[in-house]
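Every read-out reported here was derived from the displayed coordinates using simple, explicitly stated rules and does not represent laboratory data. From a predicted model like this one, the values you see are computed outputs, not experimental measurements. For neighbour counting, all protein chains shown are included, and Cβ atoms are generated from backbone atoms with ideal geometry for every residue, glycine included.
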Amino acid sequence: MTDTFAIVGAGQVAVQAAETLRKLGHSGPIVMVGDEPSSPYQRPPLSKKYLSGELPAERLALKPATFFETHQIDLRLGVRATGLDLAAHQLELSDGQSVVYSKLLLATGSTPRRLTVPGHHLQGIHYLRTRADVEAIRKEMGTARHVVIIGAGYIGLEVAATCRTLGLSVDVLEMSDRVMNRVVAPEISAFYTEEHQRAGVRIHTRTLLSGFAATPDQPDRVAQVLTLDGPQFPADLVVVGVGVVPEVDLALSAGLTCENGIAVDEQTRTSDPDVHAAGDCANHPSLRYGRRVRLESVDNAFEQAKIAAENMLGGRAIHDRVPWFWSDQYDLKLLITGLNFDYDRALLRGIMNERSFSCCYLRGTELLAMDCVNRAKDYMAAKKLIAERAHFDLDRLADPTVPLADAVVR
């Protein structure tokens, strides 16, 4: 009997894994289950070019429509996986059908963290995760005058930049003391705050949300954002970006080990050897950084998917890659490589006012991570040097005229 491989999810991980399975010679059935009605598409452009209308829907597609037929992938859209029986190797689906699998890949991704403050149910309050979310936001942007964004992480600031570029009035509310506080150094936060303020975005840090309010003439629609300190912000449209949570319900109900995601080993296996997990939903060991991490990154999804596919076919591949991330805001491209856990020094390389610089995160003289703003050469060199655990002459590292590789202590 030919092995059937099932994939729950229809995003970057799922498509890459299916393609890799075929490239590596798997000729048996591949069943891919996705709960959205749309054919698999890219998510990064959603908060940027797709939201602005610059990128048409057809260019979001991860693969041409013919890909799934050509690769004989049984793509089932608009269908949810509702149950998983590990002993029987059986996946239950919302349409009443079931799939008996030999190997299963969970690529369930993540979902936006939801607010529960008073008024959270009002119309005009949106989250941004899917193509449908963006289309709902775009529909209201045409008549909106005041946009309030809750959260100053990547998504919040990307949406702020897009809305401001389109001429909308934008306020960003952030509960911490600086933007992107979980991922970048204070110097980078300050730089991006100034850039947004220069563009006309009003950023309010240390601001705690208390609820949303409507008006008597439109009692079902948001009109104000309320804060604990008293200020009220007019809002025709609210976009909430306060992080995501891994989608683990299916895995938990089946008894798989989960902790901040579905726990996997360095070969993407879960606590059941016939079930793998990859992407946003997976919590995996980082050999480079000596800790478990869960990464929300297209690059991580792409690489883990390839490792999962190889190992589902009996391989022993190890996932050990320095991750990278990016964010586009206005004409600034922020490229981040590595993880800045436990750094003890943030060294600037270049001049911020020139809008082309890097922030090097070091432990002693070892480079752990780097944020590169409009400085792609540093980013490309840093990826390799971080993986090699390179140590640097700090004076030479701080000199932007010295190529990164030439600042390494040999």
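Of note:
- Shape class for segment 92-149: prolate, because the ratio a/c of the largest to smallest gyration tensor axis (alpha-carbon atoms, square roots of eigenvalues) is 1.5 or more and a/b beats b/c.
- Working note: Karplus 6.51/-1.76/1.60 with θ = phi - 60° gives segment 235-251 the couplings 8, 8, 8, 10, 10, 9, x, 10, x, 10, 10, x, 8, 10, 4, 4, 5 Hz, where Gly and Pro are set to x.
- Summarising the amide proton neighbourhood of residue 368: residues at separation of 5 or more, or on other chains, whose placed amide H is nearer than 5 Å comprise 361, 362, 363.
- Working note: Karplus 6.51/-1.76/1.60 with θ = phi - 60° gives segment 81-93 the couplings 7, 9, x, 9, 9, 5, 5, 8, 6, 10, 10, 9, 10 Hz, where Gly and Pro are set to x.
- Near-label residues of segment 146-169 by backbone N, under 16 Å of a point 7 Å along Cα→Cβ of residue 117: 147-153, 156
- At R0 = 30 Å, FRET efficiency that the Cβ-Cβ distance of residue 94 and residue 177 yields, to 0.05: 0.10
- On the principal axes of its alpha carbon atoms, segment 331-407 extends 31, 22, 21 Å, with the longest extent given first.
- Point-charge dipole on Cβ atoms (K/R +1, D/E -1) for segment 12-72, about Cα centre, debye to 20: 220
- Amide H to amide H, with H built 1.01 Å from N, residue 329 comes under 5 Å of 334, counting only residues 5 or more places away or on other chains.
- Globularity index of segment 125-240 is 1.03 (Cα radius of gyration / 2.2 N^0.38 Å, N = number of residues).
- Derived scalar couplings ³J(HN,Hα) [segment 217-224; Karplus, 6.51 cos²θ - 1.76 cosθ + 1.60; whole Hz; x for Gly, Pro]: 7, 9, x, 9, 10, 5, 10, 9
- When each of 23/306; 103/306; 333/384; 103/384; 49/383; 49/306 is checked by Cα-Cα distance, pairs over 22 Å: 103/384; 49/383; 49/306
- Neighbour count of at most 12 Cβ within 10 Å plus DSSP loop: longest GluC sites (Glu not before Pro)-free window in the chain: 55-258
- Magnitude of the charge dipole for the chain, about its Cα centre and with charges confined to Cβ atoms of Lys, Arg (+1) and Asp, Glu (-1), is about 620 debye.
- Rel. contact order, % - alpha carbon contacts under 8 angstrom, at least six apart, the chain: 13
- Close amide H pairs (under 5 Å, H built 1.01 Å from N) link residue 127 with 240, residues at least 5 positions away or on another chain.
- Net charge over other residues, Cβ less than 14 angstrom from the Cβ of residue 120 (K, R count +1; D, E count -1): +2
- Take every pair of alpha-carbon atoms less than 8 Å apart whose residues are at least six positions apart; their mean separation over the length of segment 323-410 yields a relative contact order of 24 percent.
- Shape of segment 155-308, Cα gyration tensor, a/c cut at 1.5: prolate
- Modelled FRET efficiency - R0 35 Å, residue 388 with residue 351, Cβ distances, 0.05 increments: 0.80
- Spin-label model distance (nm) - residue 252 vs residue 365, 7 Å beyond Cα toward Cβ: 4.8
- Prolate/oblate/rounded call for segment 20-96, Cα gyration tensor, a/c under 1.5 rounded: oblate
- At 1.002 mPa s and 20 °C, Stokes diffusion of segment 273-353 via Kirkwood alpha-carbon radius, µm² per second: 145
- Computed over the alpha carbons of the chain, Rg followed by Dmax gives 22.5, 71 Å.
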